[in-house]
Amino acid sequence: MTVHRIGLGAMRLTGSAAFDLGTPSDRRTSIQVVRRAVELGVNHIDTAAFYFSQLRSANELINSALGDRSTDVVIATKVGPGRDPSGEWSAARPDQLRGQVEENLRQLGRDQLDLVNLRRMDQTSIAEHFGALAELRTAGLVRELGVSNVTAAQLAEARAIAPVVCVQNRFHLDHRGQDEMLRHCGELGIAFVPYFTIAGAGRERGAAAAGAANERVQAVADAHGATTAQVRLAWTLHQGPHVLAIPGTGNPAHLEQNVAAGGLRLTDEEVALLEGA
């Protein structure tokens, strides 16, 4: 599957704060964001059935927004973690993954999921869980498989069972612990899809929660007449042609800025300045 390198993360479509069961997002605005993303050329959306807030489900919003155009967009979802209606988390057993896959299919209105990432929340073996997903791929419910939040050893386990097309791990300018994984994915021809590229240390709470922008990031942004978020995205894409970005937003203006970041080119001196930060 070929996609443009800047996609859309769906987590923030459901509300202002991640995993918040409080105030829901404005439904019309969230649907507008998805449709506008496609108009701007975005053809890769990252979502999950556990992305929901009070009254809002990211998958349902995507389904409603795309309609007949859903086949034009690669939708990647995640299984492994689960949330009940009260928001409590749990980790699925291997035999529960089919139910999670079927729930994503139902919410998205599809007969097959383009890409399912197994997201792991601990450092144990993923062989049994990934094997269960491989069986669903053979059965035709899933087209491609990926892994998320994994170590190099877990990636190797998965690749011994079935093809892996992408790795989703936390990686951003302020958290460089995935440099080796990024390089390894490039060598293997696997897409590396980092999350929290803009939010940074703010993680699920968003970029604002991380505090003031680093002065060096701000300096590069000022030199380009860009935002600090755009600089962080440009730096992410600079890491290699196999690197994608899935910035999440429920704000139409921020969406436009995120997509425009694909045209921002950093000099070697600017990259050195940023990485020195």
Got a sec? Which of Asn43, Asn63, Asn59 is crowded, with 24+ Cβ neighbours inside 10 Å and either β-branched (Val, Ile, Thr) or touching a residue at least 24 places away in the same chain (Cβ under 8 Å) (or both)?
-> Asn59
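One line per residue, one yes/no per condition, for (1) within 27 Å of Val73 (Cα to Cα); (2) of a type in the set (Asp, Glu); (3) out of contact with any Phe, Trp or Tyr (no Cβ under 9 Å at 6 or more places or on another chain); (4) modelled with pLDDT under 95:
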{"site": "Gly189", "(1), (2), (3), (4)": "yes, no, yes, no"}
{"site": "Ile198", "(1), (2), (3), (4)": "yes, no, yes, yes"}
{"site": "Ala201", "(1), (2), (3), (4)": "no, no, yes, yes"}
{"site": "Asn214", "(1), (2), (3), (4)": "no, no, yes, yes"}
{"site": "His224", "(1), (2), (3), (4)": "no, no, yes, no"}
{"site": "Leu233", "(1), (2), (3), (4)": "yes, no, yes, no"}
{"site": "Asn258", "(1), (2), (3), (4)": "yes, no, yes, no"}
{"site": "Gly276", "(1), (2), (3), (4)": "no, no, yes, yes"}
How many of the residues making up region 229-259 are over 20 Å from Gln168 (Cβ atoms), of a type in the set (S, T, N, Q) and buried (at least 21 other Cβ atoms within 10 Å of the Cβ)?
-> 1
Which of the residues spanning region 52-100 are within 18 Å of Leu244 (Cβ to Cβ) and at pLDDT below 95?
-> Asp72
Exclusive hit being in contact with a Ser or Thr (Cβ under 7 Å, 6 or more places away or on another chain) and over 30 Å from Glu275 (Cβ atoms), set Val116, Val101 | Val116
Which of the residues spanning region 79-116 are touching a Gly at 6+ places or on another chain (Cβ under 6 Å) and either more than 18 Å from Asn149 (Cβ to Cβ) or not aliphatic (A, V, I, L, M) (or both)?
-> Ser90
Taking Leu105, is it surrounded by 14 or more Cβ atoms within 10 Å (Cβ to Cβ) and either in a helix (DSSP H, G or I) or among the hydroxyl-bearing types (Ser, Thr, Tyr) (or both)?
-> yes
Identify, please: which residue in region 48-97 is outside any helix (DSSP H, G or I) and of a type in the set (S, T, N, Q) and is, among those, nearest to Glu135 (Cα to Cα)?
-> Thr77
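For every residue, the table says whether it meets (1) of a type in the set (Lys, Arg); (2) farther than 26 Å from Arg137 by Cβ; (3) touching a Ser or Thr at 6+ places or on another chain (Cβ under 9 Å).
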| position | (1), (2), (3) |
| --- | --- |
| Leu13 | no, yes, yes |
| Leu40 | no, yes, no |
| Ala48 | no, no, yes |
| Thr77 | no, no, yes |
| Leu105 | no, no, no |
Considering region 1-36 alone, what residues qualify as being modelled with pLDDT under 90 and aliphatic (A, V, I, L, M)?
-> Ala17, Ala18, Leu21
Those residues of region 146-181 which are surrounded by fewer than 17 Cβ atoms within 10 Å (Cβ to Cβ) and in a helix (DSSP H, G or I) amount to Ala152, Ala153, Ala156, Arg159, Asp179, Glu180
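The values are calculated or read from the model by the stated rules, or taken from the named source; none is laboratory data. These numbers come from a predicted model, not from an experiment. Counting neighbours? That spans all protein chains shown, and the Cβs are built from the backbone with ideal geometry, glycine included.
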